[in-house]
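Readers should treat all values here as calculations from the given coordinates under stated rules, not as data from a laboratory. Only a predicted model underlies this, so the values are computations on that prediction, with no experimental measurement involved. Every residue, glycine as well, gets a Cβ built from its backbone with ideal geometry; the counts of neighbours run over all protein chains shown.
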Amino acid sequence: MTASDIVYEGNALDHFLYRDGHLFAEDVPVAEIAAAVGTPFYVYSTATLTRHFTLFDEALEGMPHLVCFAMKSLSNQAVLKTLAAAGAGMDVVSGGEYFRAKAAGVAGDKIVFSGVGKSADEMRMALTGGIRQFNVESEPEMEMLSAVAVELGVTAPITIRVNPDVDAKTHAKIATGKSENKFGIPISRARAVYKMAAALPNLKIVGIDVHIGSQLTDLAPFEAAYLKVADLVETLRTDGHEIVRLDLGGGLGIPYTRSNAVPPLPVDYGKMIKRTLGHLGCEIEIEPGRLISGNAGLMVSKVIYVKEGEDRQFLIIDGAMNDLIRPAMYDAHHDIVPVVEPAVGHEPAKYDIVGPVCESGDTFAKGRDLPQLAAGDLVAFRSAGAYGAVMSSEYNSRPLIPEVLVNGDQFAVIRARPTYEEMIARDTMPEWL
Ligand SMILES: *Cc1c(COP(=O)(O)O)cnc(C)c1O
């Protein structure tokens with residue numbers, strides 16, 4: 001067995017496999033969902049979501065721990081409820097996410113609140129509704145949280161997010177652990193900031209938080225950061241602080257192509273955590289997003305036209321950058337596959353795959369090898385579960401696309417496509433018009 005077999009079952013990253021030439025989501029043909037809900041749409045696999053959560057949970061076995069799903073990667077209520085039922089806590093970064101987590105039935109003491117710009121209202125909401133801890137990212141935020149906690153007559157449990165100044169070696173837009181990034185406080189100032197926190201009323205220090213970036217494909221930057229955290233635990237304890245919890249962030253990468261080197265497995269990540277931090281007796285929290293949700297979702301789209309360019313062929317599909325912005329925003333690669341496998345001996349083709357939005361950036365892939373396709377054929381974008389639907393917009397007045405959840409041989413629409421009427425109903429006219 002290779003590493004990828006262990007994590008991803010028989011070389012599959014997920015539960016989206018071909019049967020007799022037809023792509024399935026678990027036991028449901030993708031074409032059947034397309035016929036029921038129309039294209040484009042997102043479809044998620046319950047089995048893949050829970051499997052990836054369980055891999056993390058098992059990787060930390062033997063240490064007190066909580067796996068908090070970074071719900072900014074995929075925040076549909078049905079997905080949250082699925083993961084919460086499996087035992088997940090939630091990592092939230094806004095009042096809206098906190099509201100979603102609570103509405104999905106997640107207890108306040110399983111919700112951690114991250115983010116550099118928590119407002120007083122968001123703090124009030126979490127302190128009133130229940131919170132495991134705030135991951136505080138600056139001195140002014142700490143003062144604000146203290147003031148809000150005093151106002152409410154409660155105590156706010158906190159960790160302080162330290163920036164360990166390690167290079168995560170990932171895309172610049174998703175690296176967060178270098179001193180030039182806006183996140184956390186420089187680890188060199190940690191002692192002073194913890195001292196300040198201890199002196200502020202109604203705050204209770206519970207631990208340390210660190211998150212160095214996303215889509216990391218190597219354990220070395222994590223290990224470098226966690227070794228610095230281990231030193232900091234000792235120092236802060238010597239200073240008299242009670243450090244009982246370590247929030248280690250998310251960021252473990254996923255393979256976006258079959259040919260990629262396989263990123264580290266959760267089990268090896270867990271071993272490294274035990275090796276670097278296990279002796280400290282702390283409760284461990286991790287906040288994976290992408291590794292749980294990324295390969296648990298497809299975006300399915302239909303070919304509208306095949307257009308002959310001067311020196312290339314364009315596959316114009318009904319999905320666009322407003323539905324899946326990762327290629328435009330991060331130069332991200334998604335494998336794009338036909339929903340019906342071509343017959344043996346088919347004609348191969350090369351396509352630039354583009355959406356209908358009026359931007360050159362609305363390009364999903366250039367010169368991509370695919371079997372020859374025609375108008376009406378369905379294609380599926382793999383690894384689209386994370387940072388897909390949650391980053392979508394109605395640019396070009398394209399209604400948000402539906403989300404579907406599959407569970408075995410059942411599927412359900414978990415967010416319907418709005419009608420045009422519903423889309424414009426949120427706009428209101430000023431009285432002078
Ligand atoms: C984005 C983010 C995560 C999740 O990152 P993934 O790469 O999706 O695992 C976790 N924690 C914090 C603080 C984040 O900002």
**Request:** Any chance you could give the angle, 0 to 90 degrees and rounded to 10, that helix 120-129 forms with the longest Cα principal axis of the chain?
**Result:** 80 degrees
**Request:** Putting +1 on Lys and Arg Cβ atoms and -1 on Asp and Glu Cβ atoms, find which of SER179, VAL206, ALA192 reaches farthest to the positive end of the dipole of segment 114-288.
**Result:** SER179
**Asked** Given H placed 1.01 Å from N in the peptide plane, which residues other than close sequence neighbours of ARG368 have an amide H under 5 Å from its amide H?
**Response** TYR351, ASP352, ILE353
**Prompt:** Each label point is 7 Å from the Cα along the Cα-to-Cβ direction; what then is the distance between the points at LEU433 and GLU223, in nm?
**Reply:** 5.9 nm
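State the extension gain, in nm to one decimal, for the chain segment bounded by GLU151 and ALA425, taking 0.36 nm per residue of separation less the distance between their alpha-carbons.
Length gained, GLU151 through ALA425: 94.8 nm.
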**Prompt:** What relative contact order, as a whole-number percentage, does the chain give when Cα pairs under 8 Å and 6 or more residues apart are counted?
**Reply:** 19 percent
**Asked** In percent, how large is the relative contact order of segment 114-288, given Cα pairs closer than 8 Å and 6 or more residues apart?
**Response** 20 percent
**Complete:** segment 111-158 and segment 357-433 have their Cα centres apart by a whole-number Å value of 35 Å
**Message:** Give the lysines whose C-alpha is closer than 25 Å to that of LYS307, dropping any in the same chain fewer than 8 places away, or say none.
**Reply:** LYS350, LYS366
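What are the equivalent ellipsoid semi-axes of segment 217-321, built from the alpha-carbon gyration tensor (square roots of five times its eigenvalues), in whole angstrom, biggest first?
45, 14, 12
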**Request:** Work out how much length MET391 to SER179 would gain on full extension: take 0.36 nm times their residue separation and subtract the Cα-Cα distance, in nm to one decimal.
**Result:** 73.7 nm
**Request:** Please get the size of the charge dipole for the chain, origin at its Cα centre, with Cβ charges of +1 on Lys and Arg and -1 on Asp and Glu, quoted in debye to the nearest 20.
**Result:** 760 debye
**Prompt:** Of GLY115, THR155, ALA86, which is farthest on the positive side of the dipole of the chain, counting Cα position, with +1 on Lys and Arg Cβ, -1 on Asp and Glu Cβ, and the Cα centre as origin?
**Reply:** THR155
**Complete:** Ordering 287-296, 414-423, 262-271 by per-residue average of other C-beta atoms within 10 angstrom, highest first, gives 287-296, 262-271, 414-423
**Prompt:** Separation between the ASP109 and VAL306 pseudo-spin-labels, each 7 Å from Cα along Cα→Cβ, expressed in nm?
**Reply:** 6.1 nm
**Asked** If each of ARG124 and ASP167 carries a label point 7 Å out from its Cα toward its Cβ, how far apart are those two points in nm?
**Response** 4.6 nm
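If N is the number of residues in the chain, what value comes out of its Cα radius of gyration divided by 2.2 N^0.38 Å? Walk me through the numbers on the way to the answer.
Details: Rg = 22.9 Å, N = 433, 2.2 N^0.38 = 22.1 Å.
That works out to 1.04 for the chain.
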**Asked** ASN407: net charge of surrounding residues, Cβ under 15 Å, Lys/Arg +1, Asp/Glu -1, itself excluded?
**Response** -4
**Item:** Percent breakdown of C-alpha pair distances by 10 Å bin, ordered from the shortest bin, for segment 114-288
**Value:** 10, 38, 33, 15, 3, 0
**Item:** In degrees, nearest ten, helix 266-277 long axis to first principal axis of the chain (Cα)
**Value:** 20 degrees
**Mean Cβ neighbour count within 10 Å, used as a protection proxy, ranking 377-389, 85-97 highest first** = 377-389, 85-97
**Mean Cβ neighbour count within 10 Å, used as a protection proxy, ranking 240-248, 197-205 highest first** = 240-248, 197-205
**Asked** Going by alpha carbons, how many degrees (0 to 90, nearest 10) lie between the helix axis of 190-199 and the longest principal axis of the chain?
**Response** 60 degrees
**Fill in**
Restricting to aspartates and glutamates and to Cα separations under 19 Å from LYS195, and discarding same-chain partners fewer than 8 apart, the set is GLU137, GLU139, GLU141, GLU143, ASP209, ASP231, GLU234, ASP239, GLU242
